[in-house]
Amino acid sequence: MGFCVISICLSRTRSKWTLSQNVHGSRMTDLVAVILAGGEGRRIGGNKPAVMLAGHCLIDRAISHVSGWHIPARVAVREPGQAGSARMPEILDDLRIAGPLGGLLGALTWAKAFGARRVITIPCDMPNLPEDLKTRLDAAAARFDRPAVASSLQRRHPVCAVWPIHCLEPLRIYADDGRLSLMGALEICAAVGVDWPVQGLDPFHNVNTMDDLALARRSLRGDASDFDGIRS
C-alpha cells in the first residue's frame, strides 16, 4: 500500500496527556513528542539548533511549540549536548543509522519504553509550523492506526508525522536492509497524508541555508505577500 492524502475536518480542542493502564498495570500515554535535532546543518554553517531567528534559537522555538502540547517530549540528537542548552531532556538517535531515520528510530524506541502508543516528530528547523499540527496528525494516525504525515503544496514533509509504535520493528528491518529514506519508511508503513493550505510562506518552510533563514525572518515580520507560492 502507498501514500494517500485524506482531508480531515476537526474542531480545535485542547489536547491533554491521557493516561491509562496497560495489561501489566503500568501507565501508558497516547502520544509523546520528539524534536529531531541530530543533523549537522552544514549548509547553514553547522550547529543548526543554535541558529538565531528573531532573538531566539531554532531549538528553543521548537521546544516552545512542543511545550504547548502538554505531552511528554524529548530532543533527539546524535551526541549528548548537541542541542546546546536545550530546555528539554535529550535522547540519542539510533547511532547505527545515518540521517533522520536514525532520529525516528531513536524516537520510536524511547516512546515504546515510555509506554506511549504513538510519537509525533518535528524537526528543529521549521519555525512556522501550524498550530493544529498535533491535533490533525494524531487524529488521522489514531483513526487509521497508520503513520500520518503532514503535506502542503503537493509535497510530503516526513519529519512532521505521527508514528504508531508498532512501526518500530518494520522500520528496524527496513533500516537493516540499508534503506535510509523517510519517504520510503512512510511507504512501507502505508502512511496517510494530512494536507495544509498555504497562504504566504509554506508553514513547513525549513531553514537549511542562510537564504532560508532570511525568508523565515521576513515571514515573522509579517511580509506574507512576498511568499505566495514559495515551497519549503
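The values are calculated or read from the model by the stated rules, or taken from the named source; none is laboratory data. Predicted model only: the values in this text are computed from it and were never measured. Backbone-built Cβ (ideal geometry, glycine too); neighbour counts: all protein chains shown.
Screening residue 69 on (1) part of a helix (DSSP H, G or I); (2) under 18 Å from the mean Cα position of the chain (by Cα) shows it passes everything except condition (1). No other residue among 190, 185, 150 is part of a loop (DSSP other than H, G, I, E, B) and either touching a Cys at 6+ places or on another chain (Cβ under 9 Å) or not hydrophobic (A, V, I, L, M, F, W, C) (or both) apart from 190. Could you please let me know if residue 143 is more than 12 Å from the chain's Cα centre (by Cα) and assigned to a helix (DSSP H, G or I)? Yes.
Within the stretch 158-190, how many residues are of a type in the set (Ser, Thr, Tyr) and surrounded by 21 or more Cβ atoms within 10 Å (Cβ to Cβ)? Number of matching residues: 1. If the Cβ limit is 7 Å and pairs must be 6+ apart or interchain, which residue in the stretch 136-150 that is on the phi > 0 side of the Ramachandran plot pairs with which residue that is surrounded by fewer than 21 Cβ atoms within 10 Å (Cβ to Cβ)? Between residues of the stretch 136-150 that are on the phi > 0 side of the Ramachandran plot and residues that are surrounded by fewer than 21 Cβ atoms within 10 Å (Cβ to Cβ), the close pairs are 145/164. Evaluate the following for residue 126: is it within 12 Å of the chain's Cα centre (by Cα), assigned to a loop (DSSP other than H, G, I, E, B) and not small (Gly, Ala, Ser)? Here the answer is yes, as residue 126 does meet what is asked.
Check whether at least one residue in the stretch 163-171 is modelled with pLDDT of 95 or more, of a type outside the set (D, E, K, R) and part of a strand (DSSP E or B), and report yes or no. Explain how you work it out, then say what you get.
The first filter runs over the stretch 163-171 and keeps only residues modelled with pLDDT of 95 or more, leaving 163-171.
Now restrict to residues that are of a type outside the set (D, E, K, R): 163-168, 170-171.
Filter once more, so that each one left must be part of a strand (DSSP E or B): 163-164.
Scanning the stretch 163-171, I find at least one residue that is modelled with pLDDT of 95 or more, of a type outside the set (D, E, K, R) and part of a strand (DSSP E or B), so the answer is yes.
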